[in-house]
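Just so it is clear, none of the values below were taken in a lab; they were calculated from the coordinates. Just so it is clear, the model here is predicted, and its values are computed rather than measured. Positions of Cβ are backbone-derived with ideal geometry, glycine not excepted, and every protein chain shown enters the neighbour counts.
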Amino acid sequence: MKKELPVVIDLFCGAGGLSEGFKQAGFKSILGIDVDKSALETFALNHAGAETICGDISQITREQIAKKINRDTVDLIIGGPPCQGFSLAGRRNPNDPRNKLVQEFLRIVREFKPKFFVIENVQGFKSMRDKSGKLVIEIVKELAKESGYSVKPYLLNSKDYSVAQKRRRMFLIGSKKKNVEFDIKKTKEVVVGDLLFPQETIAEKYFYSQRLIDGFLRRAKRNKKLKRGFGWQFLKMNDQSYTISARYYKDGCEALVKYDDEFKAGSIRKLTERECARIQSFPDNYKFAGGKIKTYKQIGNAVPPNMAKAVAKSIKRILNS
């Protein structure tokens with residue numbers, strides 16, 4: 001008789017990068033929840049048999065979820081609550097209502113009592129405080145403890161887990177077992193040059209016009225004078241990419257391909273959607289719903305599957321022990 005795979009609920013699932021990593025590690029996502037309809041369509045396209053709920057998690061009840069999945073408990077609950085309120089690149093507003101969604105995540109944990117849970121967020125989560133000055137990570141630990149879980153934080157960089165991208169992320173792993181250490185093993189290095197498509201196969205629409213190049217040159221000169229950075233970044237083929245963000249669709253300036261020393265039309269381009277997906281470690285058969293802009297956003301917001309797989313494998317070893 002075939003053994004049933006450990007089952008997972010993915011909250012704030014987005015395009016399903018976290019679930020993809022767990023699937024590759026031998027788990028099965030049976031439900032994805034998100035407010036983004038297009039991202040949820042992407043999740044459903046790639047996780048056959050999984051149910052979906054589109055809506056605000058604070059308005060979704062235990063009964064709704066239990067009815068969808070036809071069970072009262074699961075092995076894991078995973079998810080990446082919106083990170084804008086915690087990001088070091090943002091305003092880090094303690095009153096940002098999105099920060100409270102972490103508590104909604106823990107409510108679902110309390111109601112379904114999984115063996116483990118995983119919260120993924122930006123590295124700024126570690127130092128973020130609420131309006132009273134208390135560290136959010138300590139609040140999470142206290143709330144989890146009330147429900148019978150101990151929590152271990154891990155600050156990881158995706159480049160250490162077969163992802164051709166430098167992307168620091170915080171993972172909080174909750175367990176009903178006390179004092180458990182999760183051995184998140186590093187894997188082989190992957191570089192950008194291994195993943196990009198040949199220059200001659202790239203459509204003209206991805207290349208910068210001379211007007212756009214000249215505008216960036218002026219901005220770079222101005223920013224250098226003001227000591228504010230240069231405004232665009234060029235990939236090194238023998239290294240990992242800079243972080244691909246959800247705003248990449250605008251101009252791609254955080255990770256551009258440059259073919260020569262000239263600043264002329266045809267020498268600089270942004271990454272295609274599929275190249276961004278590859279750099280995030282999505283397999284080439286992963287399907288994305290929605291148009292070009294929505295696809296870039298979904299990819300930029302996603303957890304790199306290979307990074308998620310390394311976390312999932314560390315949990316699987318504890319689960320099987």
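Would you please give the residues with an amide H less than 5 Å from that of residue 289, counting only those at least 5 places away or on a separate chain, with H modeled from the backbone geometry?
42
I'd like the orientation of helix 101-112 relative to the chain: the angle between its Cα long axis and the longest Cα principal axis, in ° from 0 to 90, rounded to 10.
It works out to around 30 degrees.
Show the residues, 5+ positions off or on another chain, whose built amide H is closer than 5 Å to the amide H of residue 51.
Those qualifying (amide H under 5 Å, at least 5 residues apart or on another chain) are 31, 32.
Report, to the nearest 10°, how far helix 305-320 tilts away from the longest principal axis of the Cα atoms in the chain, using its own Cα long axis and a range of 0 to 90°.
For helix 305-320, the angle is close to 20 degrees.
By how many degrees, between 0 and 90 and to the nearest 10, does the Cα long axis of helix 292-301 differ from the longest principal axis of the chain?
60
When the Karplus curve 6.51 cos²θ - 1.76 cosθ + 1.60 is applied with θ = phi - 60°, which whole-Hz ³J(HN,Hα) does each residue of segment 121-138 get, with x for Gly and Pro?
7, 6, 5, x, 4, 5, 10, 6, 10, 7, 5, 8, x, 7, 4, 4, 4, 6
How much net charge surrounds residue 258 when only other residues with a Cβ under 13 Å from its Cβ are counted (Lys, Arg +1; Asp, Glu -1)?
Residues near residue 258 contribute +1 overall.
Of 126/166; 113/297; 115/309; 224/294, which pairs sit farther than 22 Å apart, going by alpha carbon to alpha carbon?
Among 126/166; 113/297; 115/309; 224/294, the Cα-Cα distance tops 22 Å for 113/297; 224/294.
So how much slack lies between residue 129 and residue 222, counting 0.36 nm per residue of separation and subtracting their Cα-Cα distance, in nm?
30.0 nm
Once fully extended, how much extra length lies between residue 157 and residue 62, figured as 0.36 nm per residue of separation less the alpha-carbon to alpha-carbon distance?
30.8 nm
How would the chain be classified by its alpha-carbon gyration tensor: rounded, prolate or oblate, with rounded meaning a/c under 1.5 and the a/b versus b/c comparison settling the rest?
prolate
For a footprinting-style exposure proxy, rank 158, 147 by other Cβ within 10 Å, fewest first.
Listing 158, 147 from fewest to most nearby Cβ atoms yields 147, 158.
Step through the residues of segment 245-254 one at a time and calculate ³J(HN,Hα) from phi using the Karplus curve (6.51 cos²θ - 1.76 cosθ + 1.60, θ = phi - 60°), rounding each to whole Hz and writing x for Gly and Pro.
Going residue by residue, I get 9, 5, 8, 4, 4, 5, 8, x, 5, 7 Hz, with x marking Gly and Pro.
Which aspartates and glutamates have a Cα less than 16 Å from the Cα of residue 292, not counting those fewer than 8 places away in the same chain?
In chain and number order, the partners are 36, 41, 204, 251, 273, 275.
Relative contact order of segment 192-278: what whole-number percent is it, with Cα pairs under 8 angstrom and at least 6 residues apart?
With pairs under 8 Å counted, the relative contact order is 36 percent.
Just report the Cα centroid separation between segment 267-319 and segment 17-63, whole Å.
15
How much length, in nm to one decimal, is gained on full extension between residue 246 and residue 211, taken as 0.36 nm per residue of separation minus their Cα-Cα distance?
10.2 nm
What distance in nm lies between label points placed 7 Å from Cα along the C-beta direction at residue 147 and residue 236?
4.2
With every atom except the alpha carbons ignored, what do you get for Rg and Dmax of segment 182-255, in angstroms?
Using the Cα atoms of segment 182-255, the pair Rg, Dmax is 15.8, 51 Å.
Would you calculate, for the chain, the mean residue ellipticity at 222 nm contributed by helices, counting each DSSP H stretch of 4 or more residues as -39,500 (n - 2.57) and dividing by all residues, to the nearest 500?
The helix-only estimate for the chain comes to -9500 deg cm²/dmol at 222 nm.
Tell me the relative contact order for the chain as a rounded percent, counting alpha carbon contacts under 8 Å between residues six or more apart.
19
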